[in-house]
Amino acid sequence: MTLSATLVIVVITVLVSWRGFKDRALLERLILWPPAVERGKQYDRLLGYGFVHADWMHLLFNMITLFSFGAAVERIFSDWIGVAGFVLFYLSAIVVSILPTYIAHRHDPNYRSLGASGGVSAVLFAFILFDPWSTLIIFPIPVPIPAFIFAFLYVGYSIWMDRRGRDNVNHSAHLWGAAYGVLFTLLMEPKVFTHFMQTLLHPSTN
């Protein structure tokens, strides 16, 4: 029986985040704090921030989403680039999704960011390319919605909230993670776009 890399990532993230809830020093060491990267050369924070979370709700939402869709994406990616390739895809998504935020705030000592949302968004949007008509249940929406409609609403909402900048959520990382997931998948296999469009336009035949 092969151990799922997605499950391993979830378990590691839960353990590190849980430890971070109790150990403030660990949380402060892993969180993305731009001056520590800019001046302290602690580049590991560009990855480490994705393994700590603000609270249990933040952690559970990300990990349930990753576990729900990561296994399907992992199976497909494993055929293309192996299990290690899937893991590198997820880890690189965490880094890539935070780079625009880091560049924008690299001189801001008051800015901090944490959470796996960028990597999770990459996995989720890769999944949507494979099965756009799959239904998602997203709190607080009371009914299942097709994945491609969720993607449209998600991107629109994230752009709107990112421009407002009135909450403590890094919507930019969500957007860049989603974009990275789509681009990475299409670079690995351009035919996925044709599959996506055919499935989207003719769902009954796929």
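The values are calculated or read from the model by the stated rules, or taken from the named source; none is laboratory data. All figures in this text were calculated on a predicted structure; none of them were measured in a lab. So basically every Cβ, Gly included, is an ideal-geometry build from the backbone, and we count neighbours across all protein chains shown. These accessible areas exclude ligands, DNA and RNA; they are computed on the full protein's heavy atoms, side chains included. Shrake-Rupley method; radii C 1.70, N 1.55, O 1.52, S 1.80 Å.
Overview of values
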| read-out | value |
| --- | --- |
| Inter-residue pairs, beta-carbon under 7 Å, first at negative phi and in region 58-70, second crowded, with 17+ Cβ neighbours inside 10 Å and aromatic (Phe, Trp, Tyr), 6+ apart | PHE69/PHE127 |
| Which numbered condition GLY70 misses (of (1) farther than 22 Å from ILE128 by Cα; (2) within 15 Å of the chain's Cα centre (by Cα); (3) of a type outside the set (Val, Ile, Thr)) | (1) |
| Residue count, region 47-98 (criterion: under 20 Å from LEU186 (Cβ atoms) and open to solvent by 30 Å² or more (accessible area, probe 1.4 Å)) | 13 |
| Any chance PHE51 is modelled with pLDDT of 95 or more and under 25 Å from HIS105 (Cα atoms) | yes |
| Pair list, Cβ < 8 Å and 6+ apart or interchain, from region 26-43 residues that are assigned to a helix (DSSP H, G or I) to residues that are small (Gly, Ala, Ser) and crowded, with 16+ Cβ neighbours inside 10 Å | LEU26/GLY20; LEU27/GLY20; ARG29/GLY48; LEU30/GLY20; LEU30/GLY48 |
| Pick from region 179-203, criterion surrounded by 12 or more Cβ atoms within 10 Å (Cβ to Cβ) and polar (S, T, N, Q), ranking: farthest from ILE149 (Cα to Cα) | THR185 |
| So ALA5, is it more than 25 Å from GLY181 (Cβ to Cβ) and either in contact with an Asp or Glu (Cβ under 7 Å, 6 or more places away or on another chain) or without any contact (Cβ under 8 Å) to a residue 24 or more places away in the chain (or both) | no |
| Tally of residues being open to solvent by 30 Å² or more (accessible area, probe 1.4 Å) and more than 29 Å from SER78 (Cβ to Cβ) across region 108-127 | 5 |
| Test: residue in region 128-151 that is in a helix (DSSP H, G or I), surrounded by fewer than 15 Cβ atoms within 10 Å (Cβ to Cβ) and hydrophobic (A, V, I, L, M, F, W, C) | yes |
| Yes/no for TYR102 being assigned to a helix (DSSP H, G or I), within 18 Å of ILE31 (Cβ to Cβ), among the aromatic types (Phe, Trp, Tyr) and touching a residue at least 60 places away in the same chain (Cβ under 8 Å) | yes |
